[in-house]
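Data first, discussion second: the structure below is written as structure tokens.
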Ligand SMILES: Nc1ncnc2c1ncn2[C@@H]1O[C@H](COP(=O)(O)OP(=O)(O)OP(=O)(O)O)[C@@H](O)[C@H]1O
Ligand SMILES: [Mg+2]
């Protein structure tokens with residue numbers, strides 16, 4: 001659909017909730033400068049495609065446009081072929097129909113196995129997906145996902161946040177790193193943040209990722225409340241816990257707080273490193289966290305550590321309980337039923353329902 005509007009009305013598009021056009025063509029053939037609202041628009045909606053129509057490709061105007069985050073500039077004489085090429089270039093990068101759910105993993109405490117779970121679930125989802133899966137390590141610096149995936153990532157989520165004005169499908173693609181299973185990784189930076197990035201904009205990064213992959217998995221730092229506040233586009237939040245009293249209590253509080261903050265999101269708890277001899281049993285955990293625990297992952301320290309040292313996710317190997325548990329969790333999130341023969345024996349209580 002084509003809509004013609006006055007440049008002054010651009011301000012209405014800037015609003016965070018304003019529906020965005022596929023392409024915004026800004027006609028500057030009779031205007032002296034790039035409208036100031038454009039930069040705000042691109043900051044608020046980095047994925048909105050903007051084309052400038054100019055009377056000449058004047059360097060000052062082009063620079064101004066680039067600074068505002070404009071995607072393309074077309075000058076007179078206007079030729080249909082140039083406009084078609086620009087539109088195909090921009091819209092061709094979008095893969096409509098791909099848009100898939102986002103699953104976030106957050107630990108009830110440090111060291112419970114959140115990254116292990118996120119990495120292995122994401123690896124299984126890659127095998128299930130037609131348009132690939134992406135794991136985003138939302139630890140802004142020094143996250144571990146790359147180690148578990150044996151990846152040597154050159155760019156990070158920090159680069160995405162520091163270049164939001166350039167963030168489009170192609171730029172995202174240039175930041176991710178393909179790992180051994182075919183899973184893409186947007187890694188954590190191995191440098192500290194020099195400038196405080198606008199973490200509130202993480203939502204835009206997640207939204208763009210979701211538009212490009214069948215599944216997007218987030219390894220979420222528990223301690224960063226700003227990151228925890230950026231999960232609006234997430235279908236399922238998985239709180240990872242174990243059977244220690246402090247962790248179970250935290251899991252209960254976190255799940256309750258997350259349900260209030262994200263009422264449309266399915267918040268579930270899984271137990272990693274299940275210990276059948278623990279004083280705190282399955283039912284005790286369910287009572288505290290206020291929901292069924294449909295997935296428990298057995299403890300296998302040797303196998304988990306070996307996988308990490310090899311940089312090869314456990315989920316790539318069959319015939320062990322650990323891998324079967326992660327696979328079942330991934331299939332449950334994806335809404336794919338697990339075959340009886342593939343189920344791990346420890347405590348599956350059926351499928352969780354209610355994805356958004
Ligand atoms: N099911 C399991 N059985 C045995 N060991 C496990 C299991 N899951 C994870 N581990 C081991 O526990 C350690 C911590 O795992 P991981 O880094 O995934 O935890 P985390 O919760 O992400 O930690 P952090 O809070 O530092 O981010 C690793 O050595 C990992 O190999
Ligand atoms: Mg971790």
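Remarks
- For the range 237-257, taking the residues that are assigned to a helix (DSSP H, G or I) and in contact (Cβ under 8 Å) with a residue 60 or more places away in the chain, the one that is nearest to the chain's Cα centre (by Cα) is identified as 254.
- Selection status of residue 81, over 23 Å from residue 312 (Cβ atoms), away from ligand 1 (no atom under 13 Å from the Cβ) and loosely packed, with under 15 Cβ neighbours inside 10 Å: yes
- Within the range 119-156, the residues that satisfy the criterion of being farther than 18 Å from residue 309 by Cβ, within 14 Å of ligand 2 (Cβ to nearest atom) and surrounded by 24 or more Cβ atoms within 10 Å (Cβ to Cβ) are 121, 122, 135, 136, 137, 138.
- Within the range 184-201, the only residue that satisfies the criterion of being within 20 Å of residue 262 (Cα to Cα) and either buried (at least 22 other Cβ atoms within 10 Å of the Cβ) or free of Cβ contacts under 8 Å to residues at least 40 places away in the same chain (or both) is 200.
- The condition (being crowded, with 17+ Cβ neighbours inside 10 Å and farther than 14 Å from residue 132 by Cβ) is satisfied by just one residue among 211, 204, 181, 174: 204.
- The residues of the range 99-114 that are over 14 Å from the mean Cα position of the chain (by Cα) and either in contact (Cβ under 8 Å) with a residue 40 or more places away in the chain or more than 10 Å from ligand 2 (Cβ to nearest atom) (or both), listed by number, are 107, 108, 109, 110, 112, 113, 114.
- Filter pass, residue 275 being farther than 25 Å from residue 132 by Cβ, within 11 Å of ligand 1 (Cβ to nearest atom) and surrounded by fewer than 19 Cβ atoms within 10 Å (Cβ to Cβ): yes
- Residue 280 vs. criteria more than 16 Å from ligand 1 (Cβ to nearest atom), outside any helix (DSSP H, G or I), over 16 Å from residue 103 (Cβ atoms) and in contact with a helix residue (DSSP H, G or I) (Cβ under 7 Å, 6 or more places away or on another chain): yes
- Test: residue in the range 260-267 that is buried (at least 23 other Cβ atoms within 10 Å of the Cβ), in contact with a helix residue (DSSP H, G or I) (Cβ under 9 Å, 6 or more places away or on another chain) and within 25 Å of residue 314 (Cα to Cα): yes
- Count of residues meeting criterion [within 7 Å of ligand 1 (Cβ to nearest atom) and outside any helix (DSSP H, G or I)] in the range 297-321: 4
- Residue in the range 196-216 that is under 29 Å from residue 89 (Cβ atoms) and within 16 Å of ligand 1 (Cβ to nearest atom) present: no
- Scanning the range 280-312 for residues that are surrounded by 16 or more Cβ atoms within 10 Å (Cβ to Cβ), under 26 Å from residue 248 (Cα atoms) and within 16 Å of ligand 2 (Cβ to nearest atom) yields 297, 304, 308.
- Residues being surrounded by fewer than 20 Cβ atoms within 10 Å (Cβ to Cβ) and either at pLDDT 85 or above or within 32 Å of the chain's Cα centre (by Cα) (or both) - total across the range 29-44: 10
- Looking across the range 205-236 at every residue that is under 9 Å from the mean Cα position of the chain (by Cα) and assigned to a strand (DSSP E or B), the one that is nearest to ligand 2 (Cβ to nearest atom) is identified as 219.
- Elements of type helices (runs of 4 or more DSSP H) in the range 90-176, at least 3 residues being within 13 Å of ligand 1 (Cβ to nearest atom), within 22 Å of residue 336 (Cα to Cα) and at pLDDT 95 or above: 114-128
- Failed item, numbered, when residue 74 is tested on (1) within 16 Å of ligand 1 (Cβ to nearest atom); (2) over 21 Å from the mean Cα position of the chain (by Cα): (1)
The values are calculated or read from the model by the stated rules, or taken from the named source; none is laboratory data. Worth saying up front: this structure is predicted, and the values here are computed from it rather than measured. All Cβ positions, glycine included, derive from the backbone under ideal geometry; neighbour counts span all protein chains shown.
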